[in-house]
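Below: one structure, written as structure tokens.
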Amino acid sequence: MEIHCEAKNAHDIIQIVADKLNTTINEDGNELCFDLPEEVGSGHIKSVLFDFGFSVFEIDVLLKKKLVINFEKYSINALYVLFNLDSSVSHKFSTSDKANSIKQLECLMSSAGNNESHSLILKKGNPINVFTLIINRKLFESKVEAFVKDMDDNIEMLFRDVNGINQFDYINFFTLEISKLIEEFKNCDLTDFMKATYLEGKAYEILTRQLENYLSNKNGPDGRTLLRNATINKVKNAVDIIESQLETRISVNSLAKKVGLNQNTLQNGFKTLFRKSVNEYIQHQRLEQAKDLIENSALNITEITYKIGINSRSYFSKVFKEKFGVTPNQYLSQVRNKAS
């Protein structure tokens, strides 16, 4: 099944796709969404529209037949920032004979060149979970024009090409931090204006983190970092162990042995997926849990210190203030006073 979209934003795409599939769109504020017809598969496709030509296109489906979405040029070529959260999907330019495979936890940043189109190819029988930021750079120009002179050359190149004259194609892993931000976007339970504001802020946060990731890989000494899927899964297992055992002492060596990796591979995996070392990630998680315990429990600071696996209260106070700008006691007072 092949669908051709001449679209300037995600709303245009979803309307064309829904019309082709002969299904009804549900509208909620700045969101459009429809469920797949049973004969096509299960799941939903959603779009969210913001100002300055910025929109989100979300596909979360299980298909009974292969689906190809062709993004045709619509006066300008938009910039697509696609995050793949599940089974592999493929992307192909009309001028190329070969499609690129976008694996789980890989991000494609793409724009077709002048007088060409590009296609997203979704296989049947595999869970598809794709989250895409679409940027109409002609409209987005007014958003970034005041900052262009201070931009990194690589970012300026992306946003200066407002009509999408040049083909752009970049694939790399995105961090698990971005994956969590996407889940927060998708699982927002606010309504009306508060939801719209939250989603826009979260979408910009996702874009910002990915641009940081892009610059880090472009300007770093190693270029693109390659991780095997097996390594990614073992890093995820390490994350699960860390989050379930924060109150205990966790060494990098023992953690590596538990998940079946050597220490260097584990460290490289965390650097690639989190931009943090293993120990930096452990401390980050401990401090986040401490903040949550201050907000949502009756524990005192000493109890919280031991609960998160830190033995020194003075050290806990030091690192908590470095991260959040206040000491644990000051934050506890703020939370308790607000509650009372």
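Computed from the coordinates by the stated procedures, all read-outs in this text should not be read as laboratory data. Source: prediction; values computed, not measured. Neighbour counts run over all protein chains shown; Cβ positions are idealised from the backbone, glycine included.
Numerical summary
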| read-out | value |
| --- | --- |
| Tilt relative to the chain, helix 263-274 - C-alpha long axis, 0 to 90 degrees, to 10 | 60 degrees |
| Protection-proxy order for peptides 72-82, 197-207, 144-154, each taking the mean of Cβ atoms within 10 Å per residue, highest first | 72-82, 197-207, 144-154 |
| Over 30 Å (Cα to Cα) - which of 180/323; 202/276; 64/143; 8/218 fall in this group | 64/143 |
| Whole-number Å³ per residue for the convex hull built on Cα positions in segment 7-49 | 56 Å³ |
| Spread of Cα-to-Cα distances over 5 Å intervals beginning at zero, given as percent, for segment 39-129 | 3, 13, 22, 25, 20, 13, 4, 0 |
| Computed magnitude of the charge dipole of the chain (debye, nearest 20; Cβ of K, R +1, Cβ of D, E -1) | 1480 debye |
| Kirkwood hydrodynamic radius over Cα pairs of the chain, then Stokes diffusion coefficient at 25 °C and 0.890 mPa s, in µm²/s | 111 µm²/s |
| Proximal charge balance of residue 263 [Cβ under 14 Å; K/R count +1, D/E count -1] | +4 |
| Mean Cβ neighbour count within 10 Å, used as a protection proxy, ranking 325-338, 160-173 highest first | 160-173, 325-338 |
| Three semi-axes of the equivalent ellipsoid, segment 69-172, Cα gyration tensor, whole Å, largest first | 26, 16, 11 |
| Kirkwood-based shape ratio for segment 180-276, expressed as Rg/Rh from alpha carbons | 1.07 |
| Cβ-based charge dipole, the chain, positive-most Cα from 70, 305, 36 | 305 |
| 0 to 90° range, to nearest 10: angle between helix 313-324 axis and the chain longest Cα axis | 20 degrees |
| Hull volume in cubic angstrom per residue (convex hull over the Cα atoms of segment 104-159) | 118 Å³ |
| Charge dipole of segment 50-160 about the Cα centre (unit charges at C-beta), most positive-ward option of 157, 130, 61 | 61 |
| Normalised alpha carbon radius of gyration of segment 127-189 [divisor 2.2 N^0.38 Å] | 1.39 |
| Charge dipole of the chain about the Cα centre (unit charges at C-beta), most positive-ward option of 262, 175, 326 | 262 |
| Percent RCO, i.e. relative contact order, over segment 37-136, from Cα pairs under 8 Å lying at least 6 residues apart | 39 percent |
| Helix 229-244 axis, angle to the chain major axis (alpha carbon atoms, nearest 10°) | 40 degrees |
